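Structure first, commentary second.
The values are calculated or read from the model by the stated rules, or taken from the named source; none is laboratory data. This is a predicted model, so every value here is computed, not measured. Note: ideal-geometry Cβ built from the backbone for every residue, glycine included; neighbour counts use all protein chains shown. When the accessible area is computed, the model is the full protein with side chains, heavy atoms only, and any ligands, DNA or RNA have been set aside. Shrake-Rupley method; radii C 1.70, N 1.55, O 1.52, S 1.80 Å.
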Amino acid sequence: MMEAVLQTMAGPLTVADWISWFCIGSGVFFAFTGAVAILRLPGVFSRMHGAGMIDTMGLGLILTGLMVQAEEPIVIVKLALILAFVFFTSPTTTFALARAAIHGGVDPAADPTPKADPAPAQPEETDPSRT
Amino acid sequence: MTLFSAAAVGILATLALVMVRAVAGPTVFDRILAVNAAGTLTVGLIAVYGFLDGRPDFLDIALLYALINFIGTIAVTKYVKFRDLGHPARSPQAEEGDV
């Protein structure tokens, strides 16, 4: 698939282009896999795993592949800034969300596997016990 | 360029999958998680579009979007947990932390 796309391009690819293709292709693959995990895994805590995959492997590899294509040093600095920021904010967000979910009544130890379809609402969803 | 176009299309497909979970998520935490992931993917999409358009200055917007995405997610999470954004740090529930 990827090689077919590459052969239709005019001219030979440089080494930087090969590295960019590898990094960005892998990043998009990991991001897509994380999205499928968010869509298919049961329960909010296992879906956080997919979100973490998008944040680390997906965005990390995509921005690394863009760094190879950068022509000015400031572009690389900006991409590194985005990577460093996401590196710190992604676990923080997941931590806060996990604590909020536990506080909100979602039991991490419960088996969230749906019987037939993940679409029907979990019983923990609509508890109005919180003020 | 073909590389950036393919990356943009892949990120858009990923965004579509994530937004399905944001709409259909059973609990509000699933929706917050999906919207946060969508924001992260939007950062990547803005960066890729900057390169696709030949103007990497778009990275400033991507950096700002990452910041706002983090602050917004934390704010929404705090609001869902405490039902109040002005919740004091020390409260009857203070042993569980502020965030």
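Exactly one residue out of A:A96, A:A51 is buried (at least 23 other Cβ atoms within 10 Å of the Cβ), under 20 Å from the mean Cα position of the chain (by Cα) and within 22 Å of B:M19 (Cβ to Cβ): that is A:A51.
Among the listed residues B:I61, B:I68, B:I46, which satisfies the condition of being open to solvent by less than 70 Å² (accessible area, probe 1.4 Å) and either out of contact with any helix residue (DSSP H, G or I) (no Cβ under 9 Å at 6 or more places or on another chain) or more than 9 Å from every other protein chain (Cβ to nearest Cβ) (or both)? Can you show your working first?
Numbers: B:I61 fails: open to solvent by less than 70 Å² (accessible area, probe 1.4 Å); B:I68 fails: open to solvent by less than 70 Å² (accessible area, probe 1.4 Å).
Exactly one of B:I61, B:I68, B:I46 is open to solvent by less than 70 Å² (accessible area, probe 1.4 Å) and either out of contact with any helix residue (DSSP H, G or I) (no Cβ under 9 Å at 6 or more places or on another chain) or more than 9 Å from every other protein chain (Cβ to nearest Cβ) (or both), namely B:I46.
Residues in segment B:76-84: is at least one more than 19 Å from A:T89 (Cβ to Cβ), of a type in the set (V, I, T), at pLDDT below 90 and part of a helix (DSSP H, G or I)?
First pass over segment B:76-84, keeping only residues more than 19 Å from A:T89 (Cβ to Cβ): B:82-84.
Checking the rest, the ones that are also of a type in the set (V, I, T) come to none.
No, there is no match, as no residue in segment B:76-84 is more than 19 Å from A:T89 (Cβ to Cβ), of a type in the set (V, I, T), at pLDDT below 90 and part of a helix (DSSP H, G or I).
Can you find even one residue in segment A:47-70 that is more than 22 Å from B:T14 (Cβ to Cβ) and at pLDDT below 90? Yes, the conditions are met somewhere in segment A:47-70. The set of residues from segment B:5-14 being more than 8 Å from every other protein chain (Cβ to nearest Cβ) and open to solvent by less than 30 Å² (accessible area, probe 1.4 Å) comprises just one member, B:A8.
Here B:V20 fits the description: of a type in the set (A, V, I, L, M), within 7 Å of chain A (Cβ to nearest Cβ) and open to solvent by 60 Å² or more (accessible area, probe 1.4 Å). Pairing each residue of segment B:44-61 that is closer than 16 Å to A:V68 by Cα with any residue that is of a type in the set (K, R), provided the two are 6+ apart or on different chains, yields C-beta distances under 6 Å for B:L59/A:K78.
For beta carbons closer than 8 Å, sequence separation of 6+ or different chains, a first residue in segment A:91-113 that is under 18 Å from B:A37 (Cβ atoms) and more than 7 Å from chain B (Cβ to nearest Cβ) and a second that is part of a helix (DSSP H, G or I) and polar (S, T, N, Q), there are no qualifying pairs. Taken residue by residue, segment B:24-37 has no member that is open to solvent by 30 Å² or more (accessible area, probe 1.4 Å) and either touching a strand residue (DSSP E or B) at 6+ places or on another chain (Cβ under 8 Å) or outside any helix (DSSP H, G or I) (or both).
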